[in-house]
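Enquirer: Quick one: the structure is below, questions incoming.
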Amino acid sequence: ADQFAGFFGGRGGWVMDHVFVLGAGGYWMGGGVDVDVAGGRESLDMWYAGAEIEFISGWSQVYHITFLTLIGGGSLGLADRTDGIFVTEPALNLEINVNRYLRLNFGGGYRFVWDVDIPELSNGDLSQFFGQITLKFGAF
């Protein structure tokens, strides 16, 4: 059955000409997802990290849109088994310039997960739509 999973993370990047961001991010699942296995249920662990590129449209306007994509890899853990995964995560965000050094994002996208080699799980089990809230601090 589908279960809710909260992901937490951080990212950093270099803002070029107020329009493009090149950086990296890392995210981990906060827990609470159980998988049916022979003999019961086991807790799933998941993390991933990768390169991120972002395009900021209308950066000088209070409300504007950003397009963000992460491409990277990570790991799944289920009891004593681990598995490497590949992740691609495109997202669309509404960004609000709160002040000169703070921006707030509300957005969402789709997390594509490939190369899942744990028999109880499939790529489709982990590939899902997601929503996100992001605080950005820095000189924009």
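The values are calculated or read from the model by the stated rules, or taken from the named source; none is laboratory data. Just so it is clear, the model here is predicted, and its values are computed rather than measured. Just the protein is used for accessible areas: all its heavy atoms, side chains included, with ligands, DNA and RNA removed. Shrake-Rupley method; radii C 1.70, N 1.55, O 1.52, S 1.80 Å.
Enquirer: To the nearest 10 square angstrom, what accessible area does Thr82 show with a 1.4 Å probe?
Expert: Surface accessible to solvent at Thr82 totals approximately 110 Å².
Enquirer: Shape verdict for the stretch 32-114, please, from the Cα gyration tensor: rounded (a/c under 1.5), prolate (a/b greater than b/c) or oblate. Don't skip to the answer; put the middle values down first.
Expert: On the way: a/c = 3.55, a/b = 2.60, b/c = 1.37.
Prolate is the answer for the stretch 32-114, as a/c is 1.5 or above and a/b outweighs b/c.
Enquirer: Further, regarding this structure: Which residue fluctuates the most in the chain, going by a Gaussian network model with Cα springs under 10 Å, if the choices are Leu70, Leu102, Leu92?
Expert: Leu102
Enquirer: Using the heavy atoms of the protein chains alone and a 1.4 angstrom probe, what is the accessible area of the chain per residue in square angstrom? Can you show the working numbers first?
Expert: Details: 7960 Å² over 140 residues.
Value returned for the chain: 57 Å² of accessible area per residue.
Enquirer: Which whole-number percent gives the relative contact order of the chain, counting Cα pairs below 8 Å spaced six or more residues apart? Walk me through the intermediate numbers first.
Expert: Values: 332 pairs, mean separation 22.7, N = 140.
That works out to 16 percent.
Enquirer: Please report how far the C-alpha centroid of the stretch 50-112 lies from that of the stretch 1-15, rounded to the nearest whole angstrom.
Expert: About 8 Å separates the Cα centre of the stretch 50-112 from the one of the stretch 1-15.
Enquirer: Express the carbon and sulfur contribution to the solvent-accessible surface of the stretch 4-96 as a percent, rounded to the nearest whole number, probe 1.4 angstrom.
Expert: On the stretch 4-96, the fraction of accessible area on carbon and sulfur atoms equals 64 percent.
Enquirer: So, one more: If you take the Cα atoms of the chain, find Rg, then find the Kirkwood Rh from the mean of 1/r over all pairs, what is Rg/Rh? Write down the numbers at each step before the final one.
Expert: On the way: Rg = 16.8 Å, Rh = 16.2 Å.
That ratio equals 1.04.
Enquirer: Here's another thing I want to ask about it. What value, in deg cm²/dmol to 500, does the helix sum -39500 (n - 2.57) over DSSP H runs of n ≥ 4 give at 222 nm once divided by the residues of the chain? Could the numbers behind the result be given before it?
Expert: Working: 1 runs with 4 residues, N = 140.
When only DSSP H runs of four or more count, the value is -500 deg cm²/dmol.
Enquirer: If you don't mind, another one. Have a look at Phe55, Phe20, Phe129 and tell me which one the Gaussian network model of the chain (Cα, springs below 10 Å) gives the largest fluctuation.
Expert: Maximum fluctuation in the GNM of the chain, among the listed residues, is at Phe129.
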